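The values are calculated or read from the model by the stated rules, or taken from the named source; none is laboratory data. All values derive from a computational prediction rather than experimental measurement. Here the Cβ positions follow ideal geometry from the backbone for every residue, glycine too, while neighbour counts run over all protein chains shown. Accessible surface is based on the protein model in full, side chains and every heavy atom, while ligands, DNA and RNA are left aside. Shrake-Rupley method; radii C 1.70, N 1.55, O 1.52, S 1.80 Å.
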Amino acid sequence: MSTPGGLLALAELSIGKRFGPHSVAVTRDFCANWNATFEPHATNGSDVLGPGSVSALILRVAALAYGRIPDGAILAKQWIRWGQPPMVDRDLAANLTIMAVEIKNGRPWVTFQVDFQQDEKDVALVSMTWLWPTETRLGETR
Amino acid sequence: MKYSLVIDNNLVLAFAELSGDFNAIHIDEAAARKTRFGQRIAHGPVPLTVVVGSVFRGRWPTGREMTVKYVAPVAIGDEVSWTPNDITPNKGEIVNSAGQVAILFEIEGALPENG
């Protein structure tokens, strides 16, 4: 059952549930904007994607998989393993897997993992653990 | 050497645009005031870029791993910083302008030489 906002309900986030593959475009514009804004130490321009971008890409996949991160969710942990650098102006194939759903002190914690591939080579594996809201409307979860 | 980054509104809006994460806690001042934080806060990965950017300098770190723990939120306008530690170069913490730890991180694998 989905919430009125189109988000999956917490009960639907069962361990092992897999979403995808989803296609995520790594365009030159995305690359140039990411590098110029968040990794200005580098001189990558629009040809080489900066490694910090995987944190933005995983959220794009989450949006494709189940709507978006719900209001009130708090990011607690993240893990990244980088593989081969992606080619720009090409798509990534991404799968999202629910790795853990735990209740601690009455609050739900959700861990999901996204594997990014391009031409069947691993580009990155990223996981995020969130303190998930019990309601999806901001202000009702605190 | 100390690396610093001011988490301004432009950074937060840019991350929202690039990630598609328009969660109200990051972009809606009125809604954010109703939360326990009382104000908008940055997406966690935004302050993390002060480390990723300065350590890897745009080079894709094939084979390396990074573990991150988000300890405290970072408000819009806050300045975060981290100082590389010669004794434990693969571990570090990002602190806010009040000196509070916001993010703990550890990188597995040899760090590249900067420059």
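Below is a table of values for the structure above.
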| item | result |
| --- | --- |
| C-alpha long axis of helix B:9-19 to longest principal axis of chain B, angle in ° | 80 degrees |
| GNM top mover of A:Thr97, A:Thr43, A:Thr111 - chain A, alpha-carbon springs below 10 Å | A:Thr43 |
| Interface B:A - total buried accessible surface [probe 1.4 Å, Å², rounded to 100] | 3400 Å² |
| Heavy-atom accessible area, 1.4 Å probe, ligands and nucleic acids excluded: residues of segment A:79-123 down by at least 30 Å² from chain alone | A:Trp79, A:Ile80, A:Arg81, A:Trp82, A:Pro85 |
| Minimum 20 Å² accessible area buried by the other protein chains, segment A:54-76 residues, probe 1.4 Å, relative to alone | A:Ser55, A:Ala56, A:Leu59, A:Arg60, A:Ile69, A:Asp71, A:Ile74, A:Leu75, A:Ala76 |
| Portion, in percent, of the accessible area of chain A that falls on carbon or sulfur, probe 1.4 Å | 49 percent |
| Charge tally in the Cβ shell below 12 Å around A:Leu92, where Lys, Arg are +1 and Asp, Glu are -1, A:Leu92 excluded | -3 |
| Relative contact order of chain B, defined on C-alpha pairs under 8 angstrom at six or more residues apart (%) | 30 percent |
| Dipole moment magnitude, nearest 20 debye, chain B about Cα centre, only Lys, Arg, Asp, Glu C-beta charged | 160 debye |
| Of all accessible heavy-atom area on segment B:1-41, the percent that carbon and sulfur account for (1.4 Å) | 50 percent |
| With all protein chains modelled, accessible area of B:Glu65 [1.4 Å, Å²] | 40 Å² |
| 1.4 Å probe accessible area per residue over segment B:1-113, in Å² | 46 Å² |
| Where the Cα pairs of the protein assembly as shown fall when distances are cut into 5 Å bins, in % | 1, 6, 13, 18, 20, 18, 13, 7, 2, 0, 0 |
| Between segment B:64-79 and segment A:57-88, the Cα center-to-center distance that results, in Å | 15 Å |
| Reduction of at least 10 Å² in accessible surface, 1.4 Å probe, comparing all protein chains with the chain by itself, residues of segment B:60-80 | B:Trp60, B:Pro61, B:Thr62, B:Gly63, B:Arg64, B:Glu65, B:Met66, B:Thr67, B:Val68, B:Lys69, B:Tyr70 |
| For chain A: relative contact order, % (alpha-carbon pairs under 8 angstrom, 6 or more apart) | 28 percent |
| Protein-only accessible surface order, largest first, of A:Asp71, B:Asp8, B:Asp86 at 1.4 Å | B:Asp86, B:Asp8, A:Asp71 |
| Inter-label distance, nm, simple model (7 Å from Cα along the C-beta direction), B:Asp86/A:Asp89 | 4.6 nm |
| Candidate residues A:Met99, B:Met1: accessible-area rank, largest first, probe 1.4 Å | B:Met1, A:Met99 |
| Rounded, prolate or oblate (a/c below 1.5 giving rounded, otherwise prolate when a/b exceeds b/c) for chain A by Cα gyration tensor | prolate |
| Charge dipole of the protein assembly as shown about the Cα centre (unit charges at C-beta), most positive-ward option of A:Ala32, B:Gly44, B:Pro73 | B:Pro73 |
| Accessible area (Å², per residue) of segment A:74-118, counting only protein heavy atoms and a probe of 1.4 Å | 44 Å² |
